[in-house]
Amino acid sequence: MATEQAAITRATFDEVILPIYAPAEFIPVKGKGSRVWDQQGNEYVDFAGGIAVTALGHCHPALVDALKSQGETLWHTSNVFTNEPALKLGRKLVASTFAERVVFMNSGTEANETAFKLARYYASTRHSPYKTKIIAFNNAFHGRSFFTVSVGGQAKYSDGFGPKPADIIHVPFNDLHAVKAVMDDHTCAVVVEPIQGEGGVLAATPEFLKGLRELCDEHQALLVFDEVQSGMGRTGSLFAYQYFGVTPDILTSAKALGGGFPVSVVLTTEEIASAFHVGSHGSTYGGNPLACAVAGAAFDIINTPEVLGGVSTRRERFVKHLKNIDAEFDVFSDVRGMGLLIGAELKPQYKGRARDFLHAAAHEGVMVLNAGPDVVRFAPSLVVESADIDEGMARFAAAVKKIVG
Ligand SMILES: *Cc1c(COP(=O)(O)O)cnc(C)c1O
């Protein structure tokens, strides 16, 4: 009884949750557009976007409507039965991308797990059981299941859990020669983020992605784009592959897809999809009607010229502010990324301190992210208003001033 009545505070986290996160000291309780309020009523400008998820801001009326009306209609069927919201969303994705087939999952991890299993299965059933090599990149991030974390190139996330899934090889990102050196006919897939998000907001070069496409074609390997973070309008194109003009064989998306409701998707061709049959893979919740109803509403808004076209002007506004901050405080060695996935790399004297900038920013009333120890990352709503950008960046400037001080 006593615990039920005790106030919920940040200390409760340390009492009841596994110590795998170090959340901020404040607890958000409410959000609207690009603003968030905490338990004490303090207000924040949100440039973190729930890690590139809340692409239409918090509690967008169209998403709230979709959630409410689906919530009063049908929540869950499992995949023993299909459902209308999933089929509608599937049709939209097929109509707007290279995909001929899609399958829904619940998180970026699960979409990638599905993609990697599909790539392996396709290669082993259509080519040879020995065609299992996966080429991936240093500092990549593909999720936290044991397969996806092993394909991701970061030992700090994948070590310590016993023997890893085999035949995965990592080479430097944006280094086509390094890929060529390990590519062969035993390669089943090359897995790449068109923009490395967690790895430091690093965009691939068009030549690199084109080169990967050619190498995959030469060796009958599948090109897999992990667009969990870069997808759904983040770059100003619906998917980054469309901007680069390089079409993958399999593409995964999640984060912004549900605008805050957990849902993910794997896109592929009919030919590749046909390697799977009933029972090859599955998920109890994947394509859940509630998730797909919200994602469908988000899709209809994001996939419009107004929203996609507005990304570059918003980016310019952010970059202008960051350049001004740098001119005043001399803190950034690089401002990079694409669209509204922006990374500001810290100068050598501030190396390793990205999280200090996060905390200082929160203290000034603006939520930002890091991408590794040296990069401050901004992944705001795609419809963030100019006034919110200006106010948030003024607060961020105040935080920088405190640190550089
Ligand atoms: C966030 C992310 C994932 C993992 O998604 P979850 O929903 O956290 O499982 C995978 N790949 C990329 C590129 C990501 O940014």
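The values are calculated or read from the model by the stated rules, or taken from the named source; none is laboratory data. All figures in this text were calculated on a predicted structure; none of them were measured in a lab. Here Cβ is always computed from backbone atoms with ideal geometry, including for glycine, and neighbour counts include all displayed protein chains. These area figures cover heavy atoms from the full protein model, side chains too; ligands, DNA and RNA do not enter into them. Shrake-Rupley method; radii C 1.70, N 1.55, O 1.52, S 1.80 Å.
What to note about this one:
- Those residues of the range 251-282 which are within 13 Å of the ligand (Cβ to nearest atom) and either among the acidic types (D, E) or open to solvent by 10 Å² or more (accessible area, probe 1.4 Å) (or both), in sequence order: K255, G260, F261, P262
- Flag if A140 is in a strand (DSSP E or B), small (G, A, S) and within 16 Å of the ligand (Cβ to nearest atom): no
- Of the residues in the range 130-147, not one is within 16 Å of L257 (Cα to Cα) and of a type in the set (A, V, I, L, M, F, W, C).
- Number of positions in the range 217-236 that are more than 16 Å from A115 (Cα to Cα) and away from the ligand (no atom under 16 Å from the Cβ): 5
- Pair list, Cβ under 6 Å, 6 or more apart: the range 100-112 residue closer than 16 Å to V192 by Cα, other residue part of a helix (DSSP H, G or I): T109/T148; N112/T148
- Among the residues making up the range 31-70, those that are surrounded by 20 or more Cβ atoms within 10 Å (Cβ to Cβ) and polar (S, T, N, Q) are S34, T54, Q70.
- Test: A52 is at pLDDT 95 or above and within 16 Å of the ligand (Cβ to nearest atom): yes
- Matching residues, the range 375-405, being of a type outside the set (V, I, T) and under 19 Å from the mean Cα position of the chain (by Cα): R377, F378, A379, P380, S381, L382
- Of residues in the range 71-97 being within 20 Å of the chain's Cα centre (by Cα) and small (G, A, S), the one least open to solvent (accessible area, probe 1.4 Å): G90
- Condition met for E100 (open to solvent by 20 Å² or more (accessible area, probe 1.4 Å), within 13 Å of the ligand (Cβ to nearest atom) and at pLDDT 95 or above): no
- Residues in the range 148-181 that are in a helix (DSSP H, G or I), more than 12 Å from the ligand (Cβ to nearest atom) and open to solvent by less than 30 Å² (accessible area, probe 1.4 Å): S150, S158, A178, V179.
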